[in-house]
Amino acid sequence: MTVEAIYGERLGARIKELRRERGLTLEDLAGRSGVSRAMISKIERGEKNPTLVVTAKVAEGFGVTLSELLGVEERREVVVVPRGRRMVVRDPETGFERQLLSPTFGGRGVEFVRNVVPYSSTSGEFPPHRRGVEEHVVVEKGRLRAVIGGEEYLLEEGDALYFEADVLHRFDNAGDGECSYYLVIVSKGT
């Protein structure tokens, strides 16, 4: 799916649906996510297409993964995610691209993602996840600067990194071309 299929009315409707299911007001969600009430209202009405980082903040406000916020697939024992049907979200401001490689099961607790960071770009700063969320990163191509809780780590192709993700974090392309890395997000206790 493209960013156009995810953002706009579909994302707004999903946020409004989750907010109402959980009995949250716009103010409640704004307080939990750090995204303004006005922005959430505009997203819900399909008037504003949020950045990937803003969408991640809203997901954290609900206590769900980004993939769970963007859409849940029917659960089966074996699920094939064909390349052409991957959920792909591209941030219009940075060009940062997130390709979901795993199916999105509510409450499953594990996400497998391939991220692509264009030359001299960044993922943007992601908010801290709730306690118990871990991220595992391995660089597929290029050089990646991971900024985890204010500390910088420079990773080369094939290098791996693990961190407890309840801190601010972002990933910058530190090389001469495109950078891609795999990310596994594990939510313990879900």
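The values are calculated or read from the model by the stated rules, or taken from the named source; none is laboratory data. Treat the numbers as computed from the prediction; the structure is a model and nothing was measured. Counting neighbours? That spans all protein chains shown, and the Cβs are built from the backbone with ideal geometry, glycine included.
Among the residues of the stretch 141-155, count how many are part of a strand (DSSP E or B) and either in contact with a Leu (Cβ under 9 Å, 6 or more places away or on another chain) or among the hydrophobic types (A, V, I, L, M, F, W, C) (or both).
Counting residues in the stretch 141-155 that are part of a strand (DSSP E or B) and either in contact with a Leu (Cβ under 9 Å, 6 or more places away or on another chain) or among the hydrophobic types (A, V, I, L, M, F, W, C) (or both) gives 8.
Out of GLU125, GLU111, GLU152, which single residue is in contact with a helix residue (DSSP H, G or I) (Cβ under 7 Å, 6 or more places away or on another chain) and over 14 Å from TYR182 (Cα atoms)?
After applying the criteria, what remains is GLU125.
Would you be able to say whether some residue in the stretch 75-82 is over 26 Å from ARG114 (Cα atoms), hydrophobic (A, V, I, L, M, F, W, C), out of contact with any Asp or Glu (no Cβ under 9 Å at 6 or more places or on another chain) and without any contact (Cβ under 8 Å) to a residue 12 or more places away in the chain?
No, because not a single residue in the stretch 75-82 is over 26 Å from ARG114 (Cα atoms), hydrophobic (A, V, I, L, M, F, W, C), out of contact with any Asp or Glu (no Cβ under 9 Å at 6 or more places or on another chain) and without any contact (Cβ under 8 Å) to a residue 12 or more places away in the chain.
So LEU11 fits all but one of (1) over 14 Å from the mean Cα position of the chain (by Cα); (2) at pLDDT below 90; (3) crowded, with 19+ Cβ neighbours inside 10 Å; what number is the exception?
In the conditions (1) over 14 Å from the mean Cα position of the chain (by Cα); (2) at pLDDT below 90; (3) crowded, with 19+ Cβ neighbours inside 10 Å, LEU11 misses (1) alone.
Among (1) in contact with a Lys or Arg (Cβ under 9 Å, 6 or more places away or on another chain); (2) within 23 Å of PHE62 (Cα to Cα); (3) at pLDDT 95 or above; (4) not acidic (Asp, Glu), which single condition is LEU100 missing?
(3)
Select, from GLY71, GLY61, the only residue that is modelled with pLDDT of 90 or more and within 26 Å of ASP166 (Cα to Cα).
The match here is GLY61.
Could you grab the pairs with beta carbons closer than 6 Å, sequence gap of 6+ or different chains, first residue in the stretch 129-140 and polar (S, T, N, Q) and part of a strand (DSSP E or B), second one surrounded by 15 or more Cβ atoms within 10 Å (Cβ to Cβ) and modelled with pLDDT under 95?
Hits for this filter: zero, empty list.
Let's see how each residue does on (1) over 26 Å from GLU140 (Cβ atoms); (2) under 18 Å from the mean Cα position of the chain (by Cα):
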residue: LYS42; (1), (2): yes, no
residue: GLU47; (1), (2): yes, no
residue: VAL53; (1), (2): no, yes
residue: LYS57; (1), (2): yes, yes
residue: GLY61; (1), (2): yes, yes
residue: LEU66; (1), (2): no, yes
residue: ARG85; (1), (2): no, yes
residue: VAL89; (1), (2): no, yes
residue: GLN99; (1), (2): no, yes
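Does the stretch 126-149 hold any residues that are at pLDDT below 95 and crowded, with 19+ Cβ neighbours inside 10 Å, and which are they?
Correct list: PHE126, PRO127, HIS129, VAL133.
Quick one: how many residues across the stretch 154-164 are among the hydroxyl-bearing types (Ser, Thr, Tyr) and either modelled with pLDDT under 95 or surrounded by 14 or more Cβ atoms within 10 Å (Cβ to Cβ) (or both)?
Count: 0.
Criterion first (closer than 21 Å to ARG90 by Cβ and surrounded by 15 or more Cβ atoms within 10 Å (Cβ to Cβ)) does VAL167 satisfy it?
Considered against the rule, which asks whether it is closer than 21 Å to ARG90 by Cβ and surrounded by 15 or more Cβ atoms within 10 Å (Cβ to Cβ), VAL167 comes out as no.
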